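Asker: One structure follows; several queries about it will come next.
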Amino acid sequence: MASLWGGRFEKEMDEIVKVFNASIGFDQRMYNEDIDGSIAHVTMLAAQGIVTKEESGKIIEGLETIREKIRSGEITFNVEDEDIHMGIESRLIAEIGDVGKKLHTARSRNDQCQVDGRMYLKKEIGEILDRLYYLEEVILEKAEKYADCLTVGFTHIQHAQPITLGFVFMAYFQMFKRDIERLHDTYHRMNLCPLGAGALAGTTLPIDRHKTAKLLGFAAPTENAMDSVSDRDYSIEFLSDASISMMHLSRWAEEFVWWNSQEFSFIDIDDSYCTGSSIMPQKKNPDMAELLRGKVGRVYGDLMQLLTVMKGTPLAYNKDFQEDKESLFDAVDTWKASITIFANMLEKTEFRLDQIEAQMAKGFLNATDIAEHFVKQNIPFREAHEIVGRMVKVCEVNGCQLEDLTDEQLSEIDGRISKKSLGDISIKACVDARISFGGTAPSEVRRQIAAGRAFLESLK
């Protein structure tokens, strides 16, 4: 097949160069976007009198025929097509004749690949947001179910303070809420149409870029033609969003691996999200959580790959930019699958409250609450901190809990304290009292759940 750009060349591309140069193997997934962009472009050309209405209609009809043939499998692409843009245009010319040669008027593959990429990513962001909304709904349901259930709060992987399970869920809700907000922000910034920028400097033809932008659902055309064809910030920003969100999934997956272990036994993951061992018949492995923990590395790599491609490229378009798509497609596919897998696994996971309760007596979880109780009795916090530290030491020596200390032992630690002065230092009382904004008290967790539901409702 003769190249559509080969007029000044006397030799065909070497076969190995054809393969190395071609992007059709991966960018063909954007055929719908490419055809939509072409239809909008030729519609604008006709409105501006650059092509006739009859020519525009014939081109649009031809493009729709090609779209259907691609969908049905009648058209398949190969390395001779080079990229999706040339693959479709060459078939259009074969389908409708010379009038098809007018489609590429006042545009370049430089701006064409940019509009395809932006439209593709806008669509994928919509799908990813839907999956994040679903994950957040699952989190809210679990938070409501476990709002009153006590668990261990950790710092440094050591028992720290008593909290509720609902509080844990709402902590992760906030992470994914930020992911949603970042994606909305990215979408807003990338929602500009580069079509009509040409190779780098616009065109002498009387095109209407605002019309094209409107036809394709963009807020406006991009402002500068040279920046339009050389910009990949929107892809990098998306990959950054994906990397942060995958990190959030990986952090929670890590906790799932811990919680599933015999040492914790905090959760029961549904069998459908676990695997067994080929040699150890007793094993139930949290492989989906482990895979999610590992998948983040792929997306980090996708981000670093594109950052590295872009770091030394001068204005305007460079062939390097063809390397923007495989990393983007990989991140899209990985992120979408990871969100869905994690949300489904989370929905089918139950907490083993009896196992968690057995851990609540370890690590003096109410120590900070006792110190704060002393503060209410006008003991300076630093002194209260030291007093409770001495109380813990006595408990460790005697093998008892803080609430088991006698008046005599307390008096020896500090003359200002007694059993009566401790008040109710049960774990439940400590949790119920943490009503500060953002705290772990069930009443405050329910406020957070209500705020979370309001946030999701505001996005509809």
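Asker: Restricting attention to region 146-200, report how many residues are over 30 Å from Ser228 (Cα atoms), in a loop (DSSP other than H, G, I, E, B) and not charged (D, E, K, R).
Answerer: Of the residues in region 146-200, the ones over 30 Å from Ser228 (Cα atoms) are 146-177.
When the remaining residues are screened for being in a loop (DSSP other than H, G, I, E, B), the result is 146-149, 156-157.
Restricting the remaining residues to those that are not charged (D, E, K, R) gives 146-147, 149, 156-157.
The number of residues fulfilling the criteria is 5.
Asker: A follow-up question, please. Against the conditions (1) in contact with a Ser or Thr (Cβ under 8 Å, 6 or more places away or on another chain); (2) open to solvent by less than 50 Å² (accessible area, probe 1.4 Å), where does Val309 fall short? Just the number, please.
Answerer: Every listed condition holds for Val309 apart from (1).
Asker: Keeping to region 332-367, report how many residues are out of contact with any strand residue (DSSP E or B) (no Cβ under 6 Å at 6 or more places or on another chain) and either among the β-branched types (Val, Ile, Thr) or farther than 20 Å from Thr151 by Cα (or both).
Answerer: Qualifying residue count, region 332-367: 14.
Asker: Another question, if that's okay. Does Asp98 satisfy the condition of being under 30 Å from Arg178 (Cα atoms), without any contact (Cβ under 8 Å) to a residue 60 or more places away in the chain and open to solvent by 30 Å² or more (accessible area, probe 1.4 Å)?
Answerer: No: the conditions fail for Asp98.
Asker: In region 104-115, is there at least one residue being within 30 Å of Met246 (Cα to Cα), buried (at least 19 other Cβ atoms within 10 Å of the Cβ) and in contact with an Asp or Glu (Cβ under 6 Å, 6 or more places away or on another chain)?
Answerer: The answer is no, given that none of the residues of region 104-115 is within 30 Å of Met246 (Cα to Cα), buried (at least 19 other Cβ atoms within 10 Å of the Cβ) and in contact with an Asp or Glu (Cβ under 6 Å, 6 or more places away or on another chain).
Asker: Let me ask something else. Which of (1) exposed (fewer than 13 other Cβ atoms within 10 Å of the Cβ); (2) part of a helix (DSSP H, G or I); (3) small (Gly, Ala, Ser) is the odd one out, the single condition Ala361 does not satisfy?
Answerer: Tallying (1) exposed (fewer than 13 other Cβ atoms within 10 Å of the Cβ); (2) part of a helix (DSSP H, G or I); (3) small (Gly, Ala, Ser), Ala361 fails exactly one: (2).
Asker: For region 121-140, state whether one or more residues are assigned to a loop (DSSP other than H, G, I, E, B) and at pLDDT 95 or above.
Answerer: Checking region 121-140: not a single residue is assigned to a loop (DSSP other than H, G, I, E, B) and at pLDDT 95 or above.
Asker: Follow-up question, since we're still on this one. Given the residues Lys58, Lys53, which is the only one that is more than 38 Å from the chain's Cα centre (by Cα) and buried (at least 18 other Cβ atoms within 10 Å of the Cβ)?
Answerer: One residue alone meets the criteria, Lys58.
Asker: How many residues does region 163-188 hold that are within 29 Å of Phe351 (Cβ to Cβ), open to solvent by 30 Å² or more (accessible area, probe 1.4 Å) and not aromatic (Phe, Trp, Tyr)? It would help to see each step written out before you state the result.
Answerer: Keep residues of region 163-188 that are within 29 Å of Phe351 (Cβ to Cβ), which gives 163-181.
The next check asks that each one be open to solvent by 30 Å² or more (accessible area, probe 1.4 Å); those that pass are 167, 171, 174, 177-178, 181.
In the following step, the residues that additionally are not aromatic (Phe, Trp, Tyr) were identified as 171, 174, 177-178, 181.
Residues that pass the stated criteria total 5.
Asker: Let me ask something additional. On the basis of being in a helix (DSSP H, G or I), exposed (fewer than 14 other Cβ atoms within 10 Å of the Cβ) and at pLDDT 95 or above, does Asp330 make the cut?
Answerer: Considered against the rule, which asks whether it is in a helix (DSSP H, G or I), exposed (fewer than 14 other Cβ atoms within 10 Å of the Cβ) and at pLDDT 95 or above, Asp330 comes out as no.
Asker: Go through region 67-102 residue by residue and tally those that are under 37 Å from the mean Cα position of the chain (by Cα), of a type in the set (A, V, I, L, M, F, W, C) and under 24 Å from Asp208 (Cα atoms).
Answerer: 2
Asker: May I ask you to list the residues in region 364-386 that are surrounded by 18 or more Cβ atoms within 10 Å (Cβ to Cβ), without any contact (Cβ under 8 Å) to a residue 40 or more places away in the chain and β-branched (Val, Ile, Thr)?
Answerer: Once the filter is applied, which keeps residues that are surrounded by 18 or more Cβ atoms within 10 Å (Cβ to Cβ), without any contact (Cβ under 8 Å) to a residue 40 or more places away in the chain and β-branched (Val, Ile, Thr), region 364-386 yields only Ile379.
Asker: Sticking with this one: Restricting the search to region 189-210, which residues are open to solvent by 70 Å² or more (accessible area, probe 1.4 Å) and either charged (D, E, K, R) or touching a His at 6+ places or on another chain (Cβ under 9 Å) (or both)?
Answerer: If the condition is that a residue be open to solvent by 70 Å² or more (accessible area, probe 1.4 Å) and either charged (D, E, K, R) or touching a His at 6+ places or on another chain (Cβ under 9 Å) (or both), then Arg189 is the only one that fits.
Asker: Among (1) in a helix (DSSP H, G or I); (2) under 40 Å from the mean Cα position of the chain (by Cα), there is one condition Ala106 misses while meeting the rest; what is its number?
Answerer: The failed condition is (1).
Asker: I'd like the residue in region 30-60 that is part of a helix (DSSP H, G or I), without any contact (Cβ under 8 Å) to a residue 12 or more places away in the chain and not acidic (Asp, Glu) and, out of all such residues, is nearest to Thr203 (Cα to Cα).
Answerer: Looking at residues that are part of a helix (DSSP H, G or I), without any contact (Cβ under 8 Å) to a residue 12 or more places away in the chain and not acidic (Asp, Glu), I get Ala46.
The values are calculated or read from the model by the stated rules, or taken from the named source; none is laboratory data. As the structure is a computational prediction, the values presented were derived from the model and not from experiment. FYI the Cβ positions are ideal-geometry reconstructions off the backbone, even for glycines, and counts take in every protein chain you see. For accessibility, only protein heavy atoms count, side chains too; no ligands or nucleic acids. Shrake-Rupley method; radii C 1.70, N 1.55, O 1.52, S 1.80 Å.
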